[in-house]
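What follows is a single structure, written as structure tokens, with notes after it.
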Amino acid sequence: MKIESYFLLGVAAFFGLIGIIYWVTSYEQAGTMMLIGSCFLGLLPGAYYLFWHRRMGNRLEDRPDATIEEGAGRVDAFPSSSIWPFVLGLGAFATVLAFAFGVWFIFPAAALIISALVGATLESRRGGTV
Amino acid sequence: MTDLIDTTLTGGDIGHPGVFEEVEAAHEHPEHGPTGILKWLTSTDHKVIGMSYMITAVVLFYIAGVLALVMRLQLASPTSSLLSLSAYNQLFTMHGSIMMYLFAGPFAFGGLANFIVPLQVGAPDMAFPRLNALSYWLFLTGSITMIMDFFVRGGAAAFGWVAYAPLSEATNSPGLGGDIWIMALVLTGFSAIFTGVNLVATIFYLRAPGMTMFRMPIFTWNMLVTAILILIAFPVLTSALVMLFCDRHFGTHIFTVQGGGSPILYQHLFWFFGHPEVYILALPYFGVVTEILPVFSRKPVFGYKGMVFATMAIAALSTGVWAHHMFTTGVVLLPFFSLLSLLIAVPTGIKFFNWIGTMWRGQLTMKAPLLFCIGFLIAFLMGGITGVILASPPLDFFVHDTYFVVAHFHQVLFGTAVFAGFAGLYYWYPKFFGRMLRDHLGKWHFWLTFIGFWITFMPQYVLGLMGMPRRVATYPTNLGWQSWNIASTVGAFLIAAGFAVLLYNLWISWREPILAGDNPWDGHTLEWFTTSPPPHHNYLHLPPIRSERPTWDYNHPDAPTVGHGKQVRPRPGTPGAPALVGARSGEGSNGSDGRSTTR
């Protein structure tokens, strides 16, 4: 994960540098805050990846000489189908409609969102549904 | 259901193809679960989601295109009464909003990236499949919300796709149209953020063994950089829109002078999103072009690392130039933003040099994908050069808010999202469906679009220099603007004819399919190693990954495999040059040796 972390730390370094230059030349607050925020967006995950790279060393995908055989075994568990993202999307849709058309939309929105969160959680615990 | 995915076991054993059958039998991952519409509603497969994104985005592209044609008809006459002034305002707002927020971006990072990136890195799916599905549903409901805008009392939003305050405040733009527009973008904004997170996680964590960062295809690199840009830019837009909504309804005065707020703050927030957004729309399409040019030139990409670092430089600089859209406000630091804007020309020039270098002395195959890529190069070059003009404050002051700017950004965005985007459609369509699009119809599509493109937008530069302001529905009759406007309208209808040909091509290719095989172009990257369309969870086995083009290495075992940028291959026609295979030689669609995957 070394290159990944350097990539993100590069983002942080660029925005840190540009943020400082921008502030001392313009004294404009909004742009400076956004540049500093972008600096942290790179710094936090970049530092995290670097920390774990130092503990874990190179993964198979980091090694140019790694073979497919070395990676044999489980990659991960992937859900193949789930209705809950759709239900959650409908809940978000109803929520924004509440802001435009009337507060009563919040009731179906809450019902959809809560059922989606509960359903997705139980689905993960049970190992899948649908 | 939850699938536990095992990696497959082939590796470099290309001398013993029989091993594959055993592996395939042991590692089938048949798709289970619902079928029909329930499959569409519940699928977390990145290919189904990517295809849903692309179909939705292309439908929206056609809707926004029709809006553009109506506007061009209005402008063909100086005093046309086809549209009322308010209807015209609504049309250009919705045309820009749909094209920018719902077509150009989602087609690339929601559609193409969703479908292609996991395939290119050798992953079974995106890292967070259910989050991926949620992203699509937020995009679809956001798109429906945007279209609903036409049907609410008072009509659609009419403040332009940038929604500048105070024009977009409740006193100047009352009614539901503005509210619905804001909510549509909040939904699609979250959709984009979730997709960005998913892309970064997939690229960082799900690459196949041996797929190091500097062996990733350029398209995947560009999507990684685009995803970072999304994570930087979209939260700012969403925040600005929430603040705008609060101003409209909750009595805050964040962007209104009367209450102590600042309209300029809205412009800062919007353009901190808006200019990276241009590159969020452009970088994926740069990646598409960089995938297609090597395959249709039968050469490795020229200057792989230069391409990667140029992409990073463009993305980084794009986030430091937002206020060049605000030069005429008089309250931004002109030298800072002008310098950074001009600097973007350097990495973009490197990319052009490398694209030309990739084609240089290659064996060009003039199929529709390559034609669209060349169209992109020419169109984007023109848009880029006029961008350099606009980066200079004295020149920008002269043409600001004229048709010169309209022509510039249409050449940039049409060049990328349309020419390169549809190059990608022609290129990957065989992978999506296992069928070919008709190439001769693709060429008709290209030439009509290409000729129409120049006839539409070049007159708009002239109109801008003559002083015609943007966003006007009528204009004086005595300024000589009408003939240029008529030419622009004729060009727009030529483009429409081109896209009618595409519809026919899609229809005829679906009704009378020409089977494509798994690798009709003799492609370089991993997605061409699997079947067309790919199976559930993508790969039954993987080839060894020893360069940035593992499929080509596998199908051409006699050619030298050298890392990025150092590939030394015998020139065609000299001893030791590899035999041509695939589309040009007609030796079968799976490569030269028939050891590719079987369906």
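When B:406, B:162 are sorted by how many other C-beta atoms sit within 10 angstrom of their C-beta, beginning with the fewest, the order is B:162, B:406.
Per-residue Karplus couplings for the range B:126-137, computed as 6.51 cos²θ - 1.76 cosθ + 1.60 with θ equal to phi - 60°, are listed in order as 6, 5, 10, x, 6, 5, 4, 5, 4, 4, 5, 5 Hz, Gly and Pro entered as x.
Between amide H atoms placed 1.01 Å from N, distances below 5 Å from residue A:76 occur with B:5, all of them 5 or more places distant or on a separate chain.
Taken along the Cα-to-beta-carbon direction at a fixed 7 Å, the label points for residue B:329 and residue B:504 span 4.9 nm.
Where the only charges are on Cβ atoms (+1 Lys, Arg; -1 Asp, Glu), what is the dipole of chain B about its Cα centre, to the nearest 20 debye?
Working: 29 positive and 28 negative charges, 235 e Å.
For this selection, approximately 1140 debye.
In what sequence do A:27, B:427 fall when counting other Cβ within 10 Å, fewest first? Spell out each step's value before the answer.
Values: A:27 9, B:427 27.
Exposure proxy ranking, most exposed first: A:27, B:427.
Of the residues B:295, B:552, B:488, the one whose Cα sits farthest towards the positive end of the charge dipole of the protein assembly as shown is B:488 (charges of +1 on Lys and Arg Cβ, -1 on Asp and Glu Cβ, taken about the Cα centre).
Under Stokes-Einstein, with the Kirkwood radius over Cα pairs standing in for Rh, what whole-number D in µm²/s applies to chain B at 4 °C and 1.567 mPa s? Value of D from the Cα-based Kirkwood radius: 52 µm²/s. FRET efficiency for the residue B:39 to residue B:478 pair, using the beta carbon distance and R₀ = 60 Å, is estimated at 0.45. The lysines whose alpha-carbon is closer than 19 Å to the alpha-carbon of residue B:305, local same-chain residues fewer than 8 away aside, are A:2, B:351, B:566.
Dipole check for the protein assembly as shown: with +1 at the C-beta of Lys and Arg, -1 at the C-beta of Asp and Glu, and the Cα centre as origin, the magnitude is about 940 Debye. Our summary gives chain B a relative contact order of 16 percent, counting only alpha carbon pairs under 8 angstrom and 6 or more residues apart. In angstrom, the C-alpha Rg and Dmax of the range B:43-131 are 17.9, 58. Each distinct pair of alpha carbons in the protein assembly as shown adds a 1/r term; the inverse of their mean, the Kirkwood radius, is 26.5 Å.
Phi-derived couplings, Karplus 6.51 cos²θ - 1.76 cosθ + 1.60 at θ = phi - 60°, listed residue by residue for the range B:112-121: 4, 5, 4, 6, 8, 4, x, 5, 5, 9 Hz, with x used for Gly and Pro.
Between the range B:327-380 and the range B:74-93, the C-alpha centres lie 34 angstrom from each other. Overall, chain A carries a charge dipole of about 320 debye about its Cα centre when +1 sits on the Cβ of Lys and Arg and -1 on the Cβ of Asp and Glu, all other atoms neutral. The angle between the Cα long axis of helix B:345-359 and the main principal axis of chain B comes to about 40°, on a 0 to 90 degree scale. Considering only A:106, B:415, B:145, and ranking their Cα positions along the charge dipole of the protein assembly as shown that arises from unit charges at the beta-carbon of Lys, Arg, Asp and Glu, the one farthest toward the positive end is B:415. Applying both filters, DSSP loop and at most 13 other Cβ atoms within 10 Å, to the chymotrypsin sites (Phe, Trp or Tyr not before Pro) of the range B:287-330 eliminates every site. Centre-to-centre, using Cα atoms only, the range B:402-479 and the range A:1-76 are separated by 37 Å.
By counting other Cβ atoms within 10 Å of each Cβ, how are B:232, B:37 ranked from fewest to most? Walk me through the numbers on the way to the answer.
Values: B:232 25, B:37 8.
Sorted ascending by nearby Cβ count, the order is B:37, B:232.
Going by the alpha-carbon gyration tensor, a ≥ b ≥ c the square roots of its eigenvalues, is chain A rounded (a/c under 1.5) or, if a/c is not under 1.5, prolate (a/b greater than b/c) versus oblate? Don't skip to the end; give the middle numbers.
On the way: a/c = 4.01, a/b = 1.16, b/c = 3.47.
It is oblate, given that a/c is not under 1.5 and a/b is not larger than b/c.
Against the main long axis of the alpha-carbon atoms of chain B, helix B:218-249 sits at an angle near 30°. With θ taken as phi - 60° and the Karplus curve 6.51 cos²θ - 1.76 cosθ + 1.60 applied, the whole-hertz 3J(HN,Hα) list for the range B:144-150 is 4, 4, 4, 5, 4, 3, 5 Hz, x standing for glycine and proline.
Can you tell me, using C-alpha contacts under 8 Å and at least 6 residues apart, the relative contact order of the range B:25-128 as a whole percent? Over the range B:25-128, the number comes to 40 percent.
Report the percentage of all Cα-Cα pairs in the range A:84-126 whose separation exceeds 16 Å, rounded to a whole percent.
Values: 306 of 903 pairs.
Across the range A:84-126, Cα pairs with separations above 16 Å total 34 percent.
Here's how it looks for residue B:435: its modeled amide H is under 5 Å from those of B:516, which are all 5 or more places away or on a different chain. Give the angle, between 0 and 90 degrees and rounded to the nearest 10, that separates the Cα long axis of helix B:46-75 from the longest principal axis of the Cα atoms of chain B. Once rounded, one gets 40 degrees.
Between residue B:302 and B:358, the built amide H atoms are under 5 Å apart, and every one of these is 5 or more places off in sequence or on another chain.
Taken together, the values in this text are just the output of simple stated rules run on the coordinates, not laboratory data. What you see is a predicted model, and the numbers here were worked out from it, not measured in a lab. Quick reminder, even Gly has a Cβ in these numbers, built from the backbone with ideal geometry, and neighbours come from all protein chains shown.
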